[in-house]
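Student: Let me give you the structure first, and then I'll get to my questions.
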Amino acid sequence: MDSPGATYLYALATLTVTFAGFSALLLMIRQAAGAHLSPLDRFLTRTVIGHAMVLTAGALLPPLLQLYALPEAWVWKISALVFGLVYLAILATFSRRRVAVAGRPPPPLIRAFFIWLGVASLIAMIAYVLAGFAHGGAVYISVLSLNFFSLALAFIVALEVILSQPVDRK
């Protein structure tokens, strides 16, 4: 039997994989049109695909753990810790990695909605689920969804930056 929310998690996993492919495809079209991809373009593409894959793994982890017949509370606690800590580390290092590539930090909108909202939601989710409060699965899935949609917003902002760069045909 599937865990509560499994259908939603499968749909979210499908959506994140589709989003990763779509985002990479948009940048490949830019390159096919003759534009040279800058280090920032490549960084943003790797970032979007990498984040989407972590979110996909986060969506597939609870149903995977359910296959081992773990108690439901443990499924959500393990998922919250594994996904939460991994994604927390990735978000917490994003600004430093972007500065290393682009020479400047992310725009304020990205810092606010992508990084800080993501970090705060992950910390709250981990604490909530580990404390054993009711509806831990719903909180986990909500935070996973929130982080997916903040990634989508970050991609839209990044796409605007990428498409506004002059076309350097090399």
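What follows is calculated from the coordinates using simple rules that are stated; it is not laboratory data. All figures in this text were calculated on a predicted structure; none of them were measured in a lab. Cβ coordinates were reconstructed from backbone atoms using ideal geometry, including for glycine residues, and neighbour counts include every protein chain displayed.
Student: Determine the principal axes of the Cα atoms in region 43-170, then give the extent along each, sorted from largest to smallest and rounded to whole angstroms.
Tutor: On the principal axes, region 43-170 reaches 56, 25, 21 Å in Cα extent.
Student: Continuing with this model, one more query. Once each part is reduced to its C-alpha centroid, what is the distance from region 117-161 to region 87-106 in angstrom?
Tutor: Centre-to-centre distance over Cα atoms comes out at 18 Å.
Student: Would you list the membrane-span-like helices of the chain, meaning whole DSSP H runs whose alpha-carbon atoms span at least 27 Å along their axis and whose mean Kyte-Doolittle value is at least 1.0?
Tutor: 6-32, 72-92, 136-164
Student: Please provide three numbers in whole Å: the alpha-carbon extents of region 1-61 along the principal axes, with the largest listed first.
Tutor: 51, 17, 9
Student: Sorted by packing (mean other beta-carbon atoms within 10 Å per residue), highest first, where do 31-38, 17-24, 92-99, 142-149 land?
Tutor: 142-149, 17-24, 92-99, 31-38
Student: Let me ask you something else. Report the relative contact order of region 104-170, percent, no decimals, based on alpha-carbon pairs under 8 angstrom and at least 6 residues apart.
Tutor: Averaging sequence separation for qualifying contacts and normalising by length gives 37 percent for region 104-170.
Student: Using Cβ counts within 10 Å as a stand-in for footprinting exposure, how do 164, 121 rank, fewest first?
Tutor: Fewest-to-most ranking of 164, 121: 164, 121.
Student: Quick one: compute the contact order of the chain, relative version, from alpha carbon pairs under 8 angstrom and 6+ residues apart, as a percent.
Tutor: RCO, the chain: 31 percent.
Student: Using a simple charge model, +1 on the beta-carbon of Lys and Arg, -1 on the beta-carbon of Asp and Glu, nothing else, what dipole does the chain show about its Cα centre, in debye to the nearest 20?
Tutor: Here the size comes out at about 680 debye.
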